[in-house]
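Inspection log for the structure reproduced underneath, given as C-alpha cells.
All of the numbers you see were taken from the coordinates with simple rules; none came from a lab. All values reported here derive from a predicted model rather than from experimental measurement. FYI the Cβ positions are ideal-geometry reconstructions off the backbone, even for glycines, and counts take in every protein chain you see.
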Amino acid sequence: MPDISDAIYKGTTTVGLVFKDGVVLATEKRATMGTMIASKKAKKVYQIADRIGMTTAGGVGDAQQLARVMRVECNLFEIRRSKPMTVAAVSTLLSNYLHQNRFAPYYVQLMVGGIDETGSSIYSVDALGGASREEEIVATGSGSPFAYGLLEDQYRPDMDEKEAMDLAVRSLKTAMRRDSASGEGISVVVITKDKYEEISENSTEPQAAET
C-alpha cells in the first residue's frame, strides 16, 4: 500500500524573520498539484489574532481549516480572559491540536509569528505537532533550502522594517528561481506593536532612486 503522503501534492516557500521592532512574514502565491499550477493567487498567510499571523505550506484545505480554527480559538480566548493570546500560547494550542490528529494528520508545515507583551517571536510547527521557537529566521516549504541560503547570509537582528521586508522578498525571489512549486506573486505582512499590515505587491518592488 503506498504512503498516503505520496498522494498529497504540496510545494511552496514561506519565510519569517524577527527585526528590531516586530516580525515580517512573507509567502509566494503559487499552488501546485504535481506538475500543474492549480492557482496563481493562493493565500498562504492568515491573520489569526490582532497581532499574530500564520503562514501555511502543504495541503490547501488542511491549511485553510486550521486557520479558521485558530482564528476562532483566539477570539474565544480574548472574550473569556479579556486579554489576547500570546504567540507562544497560539503555537502551543496549534501544536496540541495537530498532535491530537496525528493518526489522521493535517498535511501542513506552519509558521506562527507576531508580537505580544513578551516581544516579537516566530514558531515553526510541523504536521505532527512539534513546535519550535525560532530566534531569528525561519523558512518552510519546498523552496525553503534556497531561501535559507540568502537569509543565513544577510540576516541581522538589528534590521529595521524596510531592511527586513526587503530581505524577506529577496529570499522568496531566490527560491522562486529554483523551486518549480514556488512562483507568481508575493504576499508580505509586517507586524509591530502598532499594526498588522498587509503590504501591497507593488510596494515590495525596489523603488528607483530619486535624482
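Note on Arg80, Arg177: ascending count of other Cβ atoms within 10 Å places them as Arg80, Arg177, the fewest first. A simple spin-label model places the labels of Ala88 and Asp153 3.5 nm from each other, with each point 7 Å out along Cα-to-Cβ. The fraction of all Cα pairs in segment 4-198 landing in successive 5 Å bins from 0 to the largest distance is 1, 9, 17, 22, 21, 16, 9, 4, 1, 0, given as whole percents. Where Lys and Arg each count +1 and Asp and Glu each count -1, what net charge lies around Asp160 among other residues with Cβ under 9 Å from its Cβ? With Lys, Arg at +1 and Asp, Glu at -1, the neighbours total -2. On a per residue basis, the convex hull of the C-alpha atoms belonging to segment 1-107 measures out at 114 Å³. Estimated from the Cβ-Cβ distance and a Förster radius of 22 angstrom, the FRET efficiency linking Thr35 and Leu128 is about 0.20.
Here the residues Thr118, Thr12, ranked from fewest to most Cβ neighbours within 10 Å of their Cβ, fall in the order Thr118, Thr12.
Within the chain, the whole DSSP H helices whose Cα atoms reach 18 Å or more along their own axis and whose mean Kyte-Doolittle score is at least 0.5 are 87-100. Computed over segment 4-198, relative contact order equals 33 percent, with contacts defined as Cα pairs under 8 Å that lie 6+ residues apart. Close amide H pairs (under 5 Å, H built 1.01 Å from N) link Ile115 with no residue at least 5 positions away or on another chain.
Residue separation of Lys20 and Lys193 scaled by 0.36 nm, minus their Cα-Cα distance, works out to 61.1 nm of gained length. Which links in Lys20/Lys162; Lys20/Lys83; Lys20/Lys43; Lys20/Lys195; Lys40/Lys173; Lys40/Lys193 stretch past 20 Å when you go from one Cα to the other? The pairs that break the limit, which is 20 Å between Cα atoms, are Lys20/Lys83; Lys20/Lys43; Lys40/Lys193. Residues whose amide H comes within less than 5 Å of that of Met33, counting only those at least five positions distant or on another chain, are Ala38 (H built at 1.01 Å from N in the peptide plane). Evaluated over the Cα positions of segment 108-151, the convex hull gives a direction-averaged projected area, one quarter of its surface, of 3.5 nm².
From least to most packed, judged by other beta carbons within 10 angstrom and beginning with the fewest, Leu76, Leu150 follow the order Leu76, Leu150.
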